[in-house]
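Engineer: One structure is given below, represented as structure tokens, and several questions about it will come after.
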Amino acid sequence: MRRLLKVLALAALSLCTVAWAQEKQEKKAESEMKHAPAPSAPEWQQLKSLVGTWEGTVSEGGKQMPTMIEVRMTGDGSAIMHWMAKDTPYEMVTMFHPDGPKTLIATHYCSAHNQPRMQMVSSSAPNQIAFRFKDGTNIGPGDGHMVGLVITFIDANHHDEAWSYEDHGKELPATVFHYTRKQ
């Protein structure tokens, strides 16, 4: 009987040692997981400054219409979510994220039921970030879709967004939204 108790005690000790070693190895593997570096491009820093709630206006058919966006960080700071017309039939989300150290991508989840991806391009002014159509999903030949976005940073509490749309292969004049940070 004593011998059996010794064998059981030795077996229990061995199991505890194996479990401890396995837990230690799993923690080591977790700490060695490689993530992409945090975005550091100056344009990324400008986009991050938009985090918050914004109210604004847009001209539709010659009338000034109210509009609102919410901008927030997600994915441990690796993506920016731009939520336009929240809780309306025209609600749309644009996700901004880096694609390597110097490129930014904007994927626009449009109320036109497509998802154009736009890549950052050089802009005409230092206070602007510009994106142009790269590719997209659910876009057939001639289908209307967003092809450009220019964000103009006026000051910490004001910015404009010029959204460009193409329909039947023809780019229409940009629709400009004027935003003020909601205090």
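Engineer: Output ³J(HN,Hα) for the stretch 94-104: one whole-Hz value per residue in order, computed from phi by the Karplus curve 6.51 cos²θ - 1.76 cosθ + 1.60 with θ = phi - 60°, and x for Gly and Pro.
Structural biologist: Going residue by residue, I get 10, 9, 9, 7, x, 10, x, x, 10, 10, 10 Hz, with x marking Gly and Pro.
Engineer: Applying the Karplus parametrisation 6.51 cos²θ - 1.76 cosθ + 1.60 with θ = phi - 60° to the phi angles of the stretch 73-78, what ³J(HN,Hα) value in whole Hz is obtained for each residue in order, glycine and proline being reported as x?
Structural biologist: Karplus-based 3J(HN,Hα) across the stretch 73-78 equals 7, 8, x, 6, x, 9 Hz.
Engineer: Quick check for you: which residues of the stretch 68-84 have the amide N under 20 Å from the point 7 Å beyond the Cα of residue 182 toward its beta carbon?
Structural biologist: Inside the label zone: 68-74, 80-84.
Engineer: If you stretched the chain out fully between residue 167 and residue 48, how much longer would it get, using 0.36 nm times the residue separation minus the C-alpha to C-alpha distance?
Structural biologist: Stretched fully, the residue 167-residue 48 segment lengthens by 39.7 nm.
Engineer: Still on this structure, please answer the following. Which of the GluC sites (Glu not before Pro) found in the stretch 79-183 are loop residues per DSSP with 15 or fewer other Cβ atoms within 10 Å of their Cβ?
Structural biologist: 91
Engineer: Please identify the trypsin sites (Lys or Arg not before Pro) of the stretch 40-104 that satisfy two criteria: DSSP loop assignment and at most 13 other Cβ atoms within 10 Å. Which are they?
Structural biologist: 86, 102
Engineer: Within the stretch 66-138, report the chymotrypsin sites (Phe, Trp or Tyr not before Pro) that DSSP leaves as loop and that have at most 11 other Cβ atoms within 10 Å.
Structural biologist: The qualifying sites are 90.
Engineer: While we're on this one: Stokes-Einstein D for the stretch 61-183 at 4 °C, 1.567 mPa s, Kirkwood Rh over Cα pairs, in µm²/s?
Structural biologist: Roughly 85 µm²/s, to the nearest whole number.
Just so you know, all these numbers are worked out from the coordinates, no wet-lab data involved. It should be emphasised that the depicted structure is a prediction, and the values quoted were computed from it without experimental measurement. Positions of Cβ are backbone-derived with ideal geometry, glycine not excepted, and every protein chain shown enters the neighbour counts.
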